Each structure stands twice: as structure tokens, then as C-alpha cells.
Amino acid sequence: MSQIENNKGSIQVQNLNVYYGERHALKNLNIEIPKHKLTAIIGPSGCGKTTFLKCFNRLIETNENVNITGQFLVDGQNIFDPKVEITSIRKKMGLLSQRPYPLPMSIYDNITYGPRIHGERNKTKMAETVEYYLKQASLWEEVKDRLHSPASALSIGQQQRLCLARGLAVAPEFILGDEPTSALDPISSKHIEQKFIELKNQYTIVVVTHSLRQARRIADYIVFMYLGEIIEHGPAKELLSNPQHQLTKDYVTGEMS
Amino acid sequence: MQGKFIEEKIFKVLMVFSTLLIIIALGTILGSIVVKGLPALSWEMLSQTPKGGFYLGKSGGILNAIAGSFYIAIGSTFFALFVSIPVALYINIYRKKFSKYSNFVRLCLDVLWGVPSIVYGALGFSLMLIIGLKTSLLAGILIVTILIIPVMIRAMDEVMKTVPKGLVEASLALGATKAETALKVVVKQTLPGIVTAILISFGRAIGDAASVMYTTGFTDNVPESIMNQAATLPLAILNLVSSPIKEVQAKAYASALVLTIIILALSIASRMLTKKYTKNKL
Amino acid sequence: MSDKTRLQFDYRLKGLMKLFTLFAVLTLFIIFIGVVFKSYPILKTNSIFHFLFSSEWFPQKEKFGLFPFIVSTLWVTAIAMVLAVPFCILASIYLSEYADKKIIGWITPLIDILAGIPSVIFGIWGIIVVVPFVRDYLAPFFGKVSTGYSLITGGIVLSVMIVPVMVNILLEVFATVSKGLKEASLSLGATKWQTIKNVLLRKAAPGIVSAIALSLSRAFGETLAVLMVVGNVTKVPHSMLDPGQPLPALIANNYGEMMSIDLYDSALLLASLVLFIIVLIFNIASRLILRKMERNLG
């Protein structure tokens, strides 16, 4: 196996610091995200989980006044290197945000948006893509008769699955979830969780969640953050049943939320 | 692959160019008025009324128009204030902020705001004929009042909308009536915004010409009673600039400079207020 | 103060407020009814279409064809829109998506100043700057002779006047497009410009249409600035370098002298009615669209 193959799907974070103006939002993060596993980032609100996740695809740079230092190696390449083309990073990272954001176009065009952006012109291929990824997101049966109606007409749970399919259609290596079920009803949440569990064989998945129970259900690996720092990280079972740090203990036992 | 970046670059250049063009347009407006107006501006222009032969290039000033414009602007702003504060409070405090009723009132006001001022002027003049009111300062003040009421209410409304519901409820919970809440809490809280609204309306009142054209008339004297006719700055400018004589035209430019300075002063004052207001809020 | 007087005060104040609100709303209807009422005498003599499409304007002979003025209005407005719309959209995209806070902090006050400038000042600017430009450069460029007082001069002046209206609404409209939606497109690997083109502009399309419609209605009704530079000639214009006289200028120029001729007054108010109705339609439609967009944001 070549070096590049070996690195595919890997993320190493080294001495990552993020400042919003004067505020030191992320403090010296060091971590390796395990490949083809589902990693959950947990911690009380305001601890920097979402900020951290937004570093993965450099969406953090859409904020004003952000300063970033340190290394964020994706497949062995520092994504904050000025020479890196930002769109190629984002193409590697599928994002599922807190609430679904269907693009203002049809269901069909939502899925083909990514491929078209990246230069795909072949109509037949795109039709196949649409069917394939809608099936992957278990949405095909529900929408196959109205592919050309506006995506905004779908229910919010369907929209989130559409967003998942849309993200998968650009063939990412990673899937990022920023509390992806927080706006959904319990049944839709379950759908998404189920999908994540199925997908982790092919993708490296990182999910920010505020729900400890969700982390318990789906995570293989857990990162606990507090006030911009990584306090503790490790395999889910170990970390949850036998936390080493007092803060982690408090959080896991529910004394801090 | 690089095409998408080239396209973005081209459009970015166009965007910056468009923004610059807008600024340049503003620059040439202010610049040309200053360049043409400053040489003709003198103390005499500001302190005297037109003397004999003023419109042929002889001595005198535009005090009549300055006074008339201020009378109209002050009078109409005062009357409009008297109507606007109650309406703005009513749709924000007494009625639910975003109820159908309040939104309908807002829609009507927005539409009124869009009605051309010449329509106010023309219809106002017809109404004056019916009720027997002569062309006068009073008639001008009344028409301009109606013209600026929607401006003023909506400007106040935008500020009052931002008053948190909790603040109003807190006051009501202490046993205050809605009237007390409105006058003592909401008005106090939004005072800088109310003042800004007043300044904006004042600017609109002093600058509008089409509405006063046939309702206020024109005179070379400073009006002594509200039943006198009155000159206004915009109409004085219009009269002077229509003259074929160069010296008279120069006086039009000087008058335009005066009006521009008044408007700029109002604009800067309201901006400073808004700034202070937002700073205090943080 | 006893509770009773306090409550009474509250009750009375409420009554007063209600009255004033009613007054403010009724103004709109009073204006409408007034204009209709005043233009009724002339509408009795002939159909509205006759007046809209007749070019004969001879008040002394009681012929009141509004066609020349309508054509002038359309010319001036169209020129203003063609000039203003592209620049305003581009500048607004720049300000809302690219410019950093410092630049915005500089430019928004300038646009507010532009919004506050009275129309007579725009007229003076037109006379000082635009008229010579049209006379010495633009007309010779097309091989024509012009005094500089022409439809295109009016259009140019008007285009600058509607900039603040359009830019302010566009900025509000773009602000209603959520960050999350733009991020959704970015996270698929789209560039910023692709996101603007495919997501921002598409999502904002109804708002852009309303911004244009509102500016259009403002342009229709603008009186003084246009009157000062447009030449005021009662003739159907054939090119944009011809002088013309739009509807508002017609009313402003002639309103004083109509007393002696019976139907003159009514004819000018018919012109007001036409203006009023056009402005009303554009205004209501665009306000409703904008409001719907704002609601969808929540």
C-alpha cells in the first residue's frame, strides 16, 4: 500500500488554536481521529465542539476575525496551508448541519448540485447518482415520484436525509455531523442514527452531539471538550464507563450539563 | 477547473467597480455643489431677503427661503410627532407587534411613503380650494405633516419593534398600565431612536419641494404669520436656477449648498445618535 | 394617583392612539378617493383609454391626451432602471458577501447620506454635471445635437436617486438568506461565487424583484430632479436624446395655471391618478413579497 492510500481517511490535529478576535476559542488541541469509526465530540454547550467541527472543512473561515494556528492534517496534508484549495477540502467532507438546509431547487437538483459544481455533465450518470444516493439515505421510495418538485416541500426529517444524500453525492471521505438530529423528531433521528452506523464502514464520521445518550448509542470513540480544550478522549466504552478526569466524570454522570 | 475562479475574479472586479461608482456619484454630487456654490456663498446670502433686482443678479439673499423652510420643517415635524408617537406605540405595545392589524397599518404606511409628493401637493391644493384655505405657511405645514407622518411612524416603529417583549411584560407585571409602560419604559428606552426618526423626518420636510409648490406659494419676505405665503429653499433654488443670468444661477448653487449642509448636518447628527445608542445597548 | 384615574388615563390614551392610527391609515384611502373624485369630471367626457393613448395635449381646446407624458415617463424610468439595477445588484452582493466590516462601516453611511439628499439637489447636480456631459459628449457620440436637457439626462439623474432605495432593500434581502444555507453549498465544495450564483441569488430572487419594483415606483413618481433636467417639451419623444416631460413634471409645471380652464384641473389629477395607481400596484406587490421573505426567515 502506498503512503497516500495509507493516509486516506485519516485526520491528525496538532497544536490547533483558534482565536475569535481576542477570545481564545480552541486551546491547543491535539488528537488523532480514528479511521472508519464514528467519533462523537461531546461537552457542555459553549465548549467549542461546533467551532472544532467547523475547522474540519474550514467553514470556520466564513466568520469575521478568525485566527488559526497549528496543523490540521487530513490525509497527511495540512488543510490550513495557504496553498491548499479550499473547495477540494470541502469536497472531502460531507456536512450535516443542525437543521437541514435544502438548497432552493428541486430534490433532483439538490443531489446533482455537488457533482455539477465539480464538473459532471453526463445526464445519465447524474440520474444514476440521484437514485443511488437517495437509496443510500433511505429516501428514494418516498420521493421517487416527485424528484422535480422543490426540496423545501419535504418534511424536515426527509430534508435532513436529503441533505445526507446530497453530501454523499460528492463522494466525500468524511462525514461531519453538527448535532444533526437536534431539530428532528424521534423517528427521523433514529433514521439518521441508523444511517450513520451503516456508513461508518466506508467513511470516517465525526459527530458533535449534546446528547450523551446519542453518543452512547452510536459512537465508537469519544472526545470530551470543556471550555475550548480537549479534556479526555478514548474508545467510547472505556471513556463512558471509566472516565479518568474529574470533569469528564461529572459530565458523564450528569452532574454537569 | 480554473474557470470557476476566473469567473469569480471578473465578477469581483465588477462588484468593486459598481460600489466605487456609487461612491463616485455621491462624490460628484457633493463636490459639484461645493465647487459651484461656495464662491457665491456669502453672509449676505444667508442674512438678507431678496432686494430689488435680486432675480436679475443684484444684491440680497435667501433668508426668506431659509426661514420659510425652517418654519415648515419645524411646524410639520412638531405636528407629525404628535401623531406618530401614539401610532408607533399603539401598534407595538397596545396591539401585538406582529399581529395582522399592526402589519396592515405598516403596509398602509409603507405605501403612503411611496406616494409621490407631487400627488400630495396637487390633491392638497384641490382640498384647500374646497375648504377655502389660501396658499399659506399653514397649508404648507399641514401638507408636509401628512407627507412625513408615514416616514416618522415607520422610523420609530423599527426601533420600537426591537424592544424586548420581556421588558414590556416586566413593567406590566409590576402593575403598571399599558399607558405607563408605553410612556415611561418604551419611550425612554427608544428615545435616541425617536430622535433619529425626528431628524430623518425633518430632513424630508425641509427638502421636499413638490408638495409645497402650490400650497405654500412664494414670497420675498420672511413670513410673519402662518397665514402668509412663504418661500422654501428647494423652490428658491428652482426659481434661481431657471434664470438665464449667470450670477443668479450662481445664487442657486449657493442656496443648494446651504440646503446640502443642512441635510448633511442632520444626517451626521442622526448617525452619531444611532452609534451612541447601539454602544449604550452593548 | 389613584388606580381609577390611572386606568382612566390608560383607557383615554388608548382611544386617542386608536384614533390617530385610524387617521394615518385612512390618509391612504382619502388620497385615493380624492384623486378619483377629482379626475371624475374628465373621465365622464371620454374613456380612460382615450386619454392614455391620445397624443393631443391642447388644454385651451380641452384636449388632454396624456400619451406624450406617459411615453416620457416610461423612457426616463426605463433608462434609470437599466443603469441602476446591474450596479446596485453587484454592489449589494459585494457589500453583503465580500466586503469586510470596515468597508461596510464606511459605505453604509454614504448610502444613507445619498438617501437623504433632497431631489432638488439631484436636479442641481444634473444641471452642473449631467447636462454638459450629455450635451458635449454623449449626444456628439451618437452624432446628434442636444441641449443636454433630455430624457437620458433625466434617466441618469434618476438612476443615482434610486440607488439608496435599491441597495438598502437588497442588503436586507440578502441578509434574510441564512448563513447555514450558504454553508450547505460551501460544504459541498462550491466556491463562494458558485454559492452566490446558485444559492444566494436564487433564494433572494423574489426579494430582488421587489427591490426593483419598489425602486421603479419611486422612479415613476420622482418630480423635481427630473423636471429640472428633462427639457419639458410636450411632444412624443422618439429617442432618448430628445427632451420630454414625464407625468410628475407635467403636474408640477402646469398646476398653477389651470384655474381658468374647466377640465384642466381634472386632467392633471387624472395624471396623478395614473401615477398613484402604478405606484400603488408596484408598492403593495413588492411589500407583500418582502414581508413573506422575512417571515420565512423565522
*How many residues, within region B:1-40, are open to solvent by less than 50 Å² (accessible area, probe 1.4 Å) and more than 20 Å from C:Ala84 (Cβ to Cβ)?*
7
*Is it the case that some residue within region B:41-59 is open to solvent by less than 50 Å² (accessible area, probe 1.4 Å), closer than 23 Å to B:Ile261 by Cα and at the interface with chain C (Cβ under 9 Å from one of its Cβ atoms)?*
no
*Given (1) surrounded by fewer than 18 Cβ atoms within 10 Å (Cβ to Cβ); (2) within 30 Å of C:Asp242 (Cα to Cα); (3) more than 9 Å from chain B (Cβ to nearest Cβ), number of the condition C:Pro86 does not satisfy*: (3)
_Considering only region C:170-180, I want to know if a residue exists there that is out of contact with any strand residue (DSSP E or B) (no Cβ under 8 Å at 6 or more places or on another chain), under 22 Å from C:Leu114 (Cα atoms) and not hydrophobic (A, V, I, L, M, F, W, C)._
yes
*Residue check: is B:Ala210 in the same structural domain as B:Lys97 (by TED's automatic domain parsing), surrounded by 23 or more Cβ atoms within 10 Å (Cβ to Cβ) and over 18 Å from the mean Cα position of the chain (by Cα)?*
no
*Could you check how many residues of region A:161-179 are in contact with a strand residue (DSSP E or B) (Cβ under 7 Å, 6 or more places away or on another chain) and either in a helix (DSSP H, G or I) or of a type outside the set (A, V, I, L, M) (or both)?*
10
_Residue pairs meeting the criteria (Cβ under 7 Å; at least 6 apart or on separate chains; first within 7 Å of chain C (Cβ to nearest Cβ), in region B:101-123; second hydroxyl-bearing (Ser, Thr, Tyr) and surrounded by fewer than 22 Cβ atoms within 10 Å (Cβ to Cβ))_ = B:Leu112/C:Thr27
*Of all residues in region C:33-83, count the ones that are under 15 Å from the mean Cα position of the chain (by Cα), small (Gly, Ala, Ser) and within 14 Å of chain B (Cβ to nearest Cβ).*
1
*Within region B:146-161, is there a residue that is closer than 29 Å to B:Leu257 by Cβ, within 13 Å of chain C (Cβ to nearest Cβ), touching a Phe, Trp or Tyr at 6+ places or on another chain (Cβ under 8 Å) and surrounded by fewer than 24 Cβ atoms within 10 Å (Cβ to Cβ)?*
yes
*Scanning for something without any contact (Cβ under 8 Å) to a residue 60 or more places away in the chain, among the hydrophobic types (A, V, I, L, M, F, W, C) and on the phi < 0 side of the Ramachandran plot, does region B:225-234 turn up at least one residue?*
no
*Do we find a residue being surrounded by fewer than 18 Cβ atoms within 10 Å (Cβ to Cβ) and within 14 Å of another protein chain (Cβ to nearest Cβ) anywhere in region A:121-136?*
yes
*Within region A:170-182, track down each residue that is open to solvent by 20 Å² or more (accessible area, probe 1.4 Å) and within 11 Å of chain C (Cβ to nearest Cβ).*
A:Ala171
*Within region B:6-33, can you find the residues that are facing chain C (nearest Cβ under 7 Å) and either hydrophobic (A, V, I, L, M, F, W, C) or in contact with a strand residue (DSSP E or B) (Cβ under 6 Å, 6 or more places away or on another chain) (or both)?*
B:Phe11, B:Leu14, B:Met15, B:Val16, B:Leu21, B:Ile22, B:Ile23, B:Ala25, B:Leu26, B:Ile29, B:Ile33
*Within region A:52-87, count every residue that is among the hydroxyl-bearing types (Ser, Thr, Tyr), under 19 Å from C:Ala190 (Cβ atoms) and open to solvent by 10 Å² or more (accessible area, probe 1.4 Å).*
1
*Among the numbered criteria (1) free of Cβ contacts under 8 Å to residues at least 24 places away in the same chain; (2) closer than 15 Å to C:Met228 by Cα, which single criterion is violated by C:Thr147?*
(1)
*Which condition number in (1) within 10 Å of chain B (Cβ to nearest Cβ); (2) at pLDDT 90 or above is the one that C:Ile277 fails?*
(1)
_Can you find a residue that is within 14 Å of another protein chain (Cβ to nearest Cβ) and either charged (D, E, K, R) or surrounded by 18 or more Cβ atoms within 10 Å (Cβ to Cβ) (or both) anywhere in region B:188-195?_
no
*closer than 24 Å to A:Arg161 by Cα, out of contact with any Pro (no Cβ under 6 Å at 6 or more places or on another chain), open to solvent by less than 60 Å² (accessible area, probe 1.4 Å) and charged (D, E, K, R): does that describe A:Lys49?*
yes
_For C:Val129, only one of the following conditions fails: (1) away from chain B (no Cβ under 14 Å); (2) surrounded by fewer than 22 Cβ atoms within 10 Å (Cβ to Cβ). What is its number?_
(1)
_Residue under question is C:Gly154, and the condition is that it be under 25 Å from C:Gln245 (Cα atoms) and either out of contact with any strand residue (DSSP E or B) (no Cβ under 7 Å at 6 or more places or on another chain) or in the same structural domain as C:Leu90 (by TED's automatic domain parsing) (or both); does it hold?_
yes
_Pairs needed: first member in region C:46-67, touching a residue at least 12 places away in the same chain (Cβ under 8 Å); second member anywhere, basic (Lys, Arg); C-beta distance under 8 Å; at least 6 residues apart or different chains._
C:Ser54/C:Lys63; C:Trp57/C:Lys63
*Find the residue count for region B:125-136, including only residues that are open to solvent by less than 20 Å² (accessible area, probe 1.4 Å) and either at the interface with chain C (Cβ under 9 Å from one of its Cβ atoms) or at pLDDT 95 or above (or both).*
1
*Got at least one residue in region B:202-215 being outside any helix (DSSP H, G or I) and farther than 22 Å from B:Ser76 by Cβ?*
no
*Starting from residues that are within 8 Å of another protein chain (Cβ to nearest Cβ) and surrounded by fewer than 20 Cβ atoms within 10 Å (Cβ to Cβ), keep the ones in region C:151-191 and report whichever is nearest to C:Gly231 (Cα to Cα).*
C:Ser178
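Quick grid of which residues meet (1) under 30 Å from C:Leu188 (Cβ atoms); (2) open to solvent by less than 10 Å² (accessible area, probe 1.4 Å); (3) acidic (Asp, Glu); (4) without any contact (Cβ under 8 Å) to a residue 60 or more places away in the chain:
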position	(1), (2), (3), (4)
A:Leu168	yes, yes, no, no
A:Ser188	yes, no, no, yes
A:Leu212	no, no, no, no
A:Tyr226	no, no, no, no
A:Glu229	no, no, yes, no
_Can you confirm whether A:Lys92 is open to solvent by 40 Å² or more (accessible area, probe 1.4 Å), within 11 Å of chain C (Cβ to nearest Cβ), charged (D, E, K, R) and within 30 Å of A:Phe52 (Cα to Cα)?_
yes
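The values are calculated or read from the model by the stated rules, or taken from the named source; none is laboratory data. A quick note: this is a predicted structure, and the numbers were derived from the prediction, not measured. Please note: Cβ atoms are built from the backbone with ideal geometry, for glycine as well, and neighbour counts cover all protein chains shown. All accessible areas refer to the heavy atoms of the entire protein, side chains included, with ligands and DNA or RNA removed. Shrake-Rupley method; radii C 1.70, N 1.55, O 1.52, S 1.80 Å.
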